[in-house]
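A.B. asks: I am attaching a structure below and will ask some questions about it afterwards.
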Amino acid sequence: MRSLVLILMFFVFQSQAQSGSEIIAKADEKSRGNSSATEITIQIIRPSWTREMKMKSWSLGTEYSMSVVLSPAKDKGTVFLKRNRELWNWVPSIERTIKMPPSMLTQSWMGSDLTNDDLVKETSNKDDFNCKILGAENMGGRACWKIEMLPKAGSAVVWGKVMTWVDQKDFVYMKSEFYDEDNYLVNTMVASEIKNIGGRNLASKTEVIPAEHPGNKTVMILNSANFNANNPASFFTVQNMRKVK
């Protein structure tokens with residue numbers, strides 16, 4: 001009898017792991033699409049000042065992404081490129097293209113509470129993590145799955161653990177907690193203001209709140225999205241970084 005219970009428990013846990021991975025895959029596809037173009041406003045908020053930036057981004061699957069800063073003027077034209085596992089940064093003020101080493105993924109992106117990994121999405125939620133459903137909780141007035149994400153062995157992942165809450169209706173990431181390898185909370189992402197953008201129900205506002213810096217946060221506002229952008233792989237080249245606008 002005990003053996004039967006253990007076998008049943010094993011299959012339950014296996015089913016949950018598979019379901020967790022499927023949920024994360026759907027949430028990723030919902031927010032990214034296969035070929036997309038988006039425009040985003042980023043507000044870096046500090047106790048004594050606020051800075052606003054505007055960006056345009058393109059993606060093709062999980063292998064390619066490109067982002068260009070549109071404003072403010074002093075940062076205009078700065079470009080970030082992900083091409084497969086290679087990461088690049090074009091800095092117009094010094095007219096230089098820099099290949100970013102993996103060690104830079106955890107560093108702050110342009111003084112914000114985002115990391116470089118958040119921007120270029122080098123880490124793949126569905127490919128680099130084992131995902132397990134822990135239960136169901138209400139988040140932001142929506143019924144969500146609570147999912148624990150632990151890095152797979154050998155994955156080049158910057159986080160030791162991610163806890164995330166995915167809306168059961170629209171597969172929107174409503175909240176995510178990012179922990180380091182010592183299990184200390186680093187950042188919390190909270191989504192709100194679900195709207196129809198580009199034909200999909202998406203969070204139009206996401207706040208990134210650092211655990212160790214009270215009063216600091218970075219707000220991302222999704223202004224527009226096109227999930228039928230038809231971006232060719234040839235668009236995502238180091239040479240094209242100087243041309244995008």
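The values are calculated or read from the model by the stated rules, or taken from the named source; none is laboratory data. No experiment lies behind these values; they were computed from the predicted model shown. Positions of Cβ are generated from backbone atoms using ideal geometry, with glycine treated the same way; all protein chains shown enter the neighbour counts.
A.B. asks: Looking only at segment 67-82, decide whether some residue is of a type in the set (A, V, I, L, M, F, W, C), farther than 21 Å from residue 244 by Cα and crowded, with 16+ Cβ neighbours inside 10 Å.
C.D. replies: Filtering segment 67-82 for residues of a type in the set (A, V, I, L, M, F, W, C) gives 68-70, 73, 79-81.
Next, from what is left, pick out any that are farther than 21 Å from residue 244 by Cα: none.
No - not one qualifying residue is present in segment 67-82.
A.B. asks: Within segment 111-131, track down each residue that is within 17 Å of residue 67 (Cα to Cα) and either at pLDDT below 75 or surrounded by fewer than 18 Cβ atoms within 10 Å (Cβ to Cβ) (or both).
C.D. replies: Listed by number, the residues that qualify are 111, 117, 119, 120, 121, 122, 123.
A.B. asks: Quick check: anything in segment 2-17 in a helix (DSSP H, G or I), touching a helix residue (DSSP H, G or I) at 6+ places or on another chain (Cβ under 7 Å) and either modelled with pLDDT under 95 or of a type in the set (Val, Ile, Thr) (or both)? Give the derivation first.
C.D. replies: Filtering segment 2-17 down to residues in a helix (DSSP H, G or I) leaves 2-17.
Add one more test, that the residue is touching a helix residue (DSSP H, G or I) at 6+ places or on another chain (Cβ under 7 Å), and what stays is none.
Checked against the condition, which is being in a helix (DSSP H, G or I), touching a helix residue (DSSP H, G or I) at 6+ places or on another chain (Cβ under 7 Å) and either modelled with pLDDT under 95 or of a type in the set (Val, Ile, Thr) (or both), segment 2-17 yields no hits at all.
A.B. asks: Which residues, counting only those in segment 23-63, are basic (Lys, Arg) and either closer than 28 Å to residue 245 by Cβ or buried (at least 18 other Cβ atoms within 10 Å of the Cβ) (or both)? Lay out the reasoning, then the answer.
C.D. replies: Of segment 23-63, the ones basic (Lys, Arg) are 26, 30, 32, 46, 51, 54, 56.
Within segment 23-63, 30, 32, 51, 54, 56 meet the criteria.
A.B. asks: If you don't mind, another one. Within segment 158-212, which strands (runs of 3 or more DSSP E) (wholly inside it) include 1 or more residues that are aromatic (Phe, Trp, Tyr)? Working first, answer last.
C.D. replies: Working: elements: 161-167, 173-179, 185-197, 200-210.
Ranges flagged: 161-167, 173-179.
A.B. asks: Also: Quick test of your reading of the structure: residue 154 fulfils all but one of (1) surrounded by 17 or more Cβ atoms within 10 Å (Cβ to Cβ); (2) at positive phi. Name the failing condition by number.
C.D. replies: Condition (1) is where residue 154 drops out.
A.B. asks: Return yes when residue 77 is assigned to a loop (DSSP other than H, G, I, E, B), touching a residue at least 40 places away in the same chain (Cβ under 8 Å) and over 16 Å from the mean Cα position of the chain (by Cα) and no when it is not. Give the steps one after another, and end with the answer.
C.D. replies: On the way: assigned to a loop (DSSP other than H, G, I, E, B): yes; touching a residue at least 40 places away in the same chain (Cβ under 8 Å): yes; over 16 Å from the mean Cα position of the chain (by Cα): yes.
Yes; evaluated as a whole, the condition is true for this residue.
A.B. asks: Follow-up question, since we're still on this one. Look at segment 18-54 and say how many of its residues are modelled with pLDDT of 80 or more, assigned to a helix (DSSP H, G or I), over 20 Å from residue 119 (Cα atoms) and not charged (D, E, K, R).
C.D. replies: Qualifying residue count for the region: 4.
Conditions tested, residue by residue: (1) more than 21 Å from residue 36 (Cα to Cα); (2) buried (at least 18 other Cβ atoms within 10 Å of the Cβ); (3) not β-branched (Val, Ile, Thr).
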{"site": "187", "(1), (2), (3)": "yes, yes, yes"}
{"site": "191", "(1), (2), (3)": "no, yes, yes"}
{"site": "200", "(1), (2), (3)": "no, no, yes"}
{"site": "211", "(1), (2), (3)": "yes, no, yes"}
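A.B. asks: Something else about it: Could you tell me how many of the residues in segment 225-241 are at negative phi and either in a strand (DSSP E or B) or in contact with a Ser or Thr (Cβ under 7 Å, 6 or more places away or on another chain) (or both)?
C.D. replies: Our first condition is that a residue be at negative phi; within segment 225-241, this holds for 225-229, 231-241.
Adding the requirement that they be either in a strand (DSSP E or B) or in contact with a Ser or Thr (Cβ under 7 Å, 6 or more places away or on another chain) (or both) leaves 225-229, 231, 238, 241.
Number of matching residues: 8.
A.B. asks: If I ask for residues that are among the polar types (S, T, N, Q) and either at pLDDT below 95 or under 19 Å from residue 26 (Cα atoms) (or both), which ones from segment 184-212 would you list? Talk me through it step by step, then tell me what you get.
C.D. replies: Within segment 184-212, the subset among the polar types (S, T, N, Q) is 187-188, 192, 196, 201, 204, 206.
The answer is 187, 192, 196, 201, 204, 206.
A.B. asks: Continuing with this model, one more query. If I go through segment 178-197 residue by residue, how many of them are charged (D, E, K, R) and within 17 Å of residue 220 (Cβ to Cβ)? So that I can check it myself, show each step before the final result.
C.D. replies: Let us first name the residues in segment 178-197 that are charged (D, E, K, R), namely 180-182, 193, 195.
Checking the rest, the ones that are also within 17 Å of residue 220 (Cβ to Cβ) come to 193, 195.
Residues meeting the conditions: 2.
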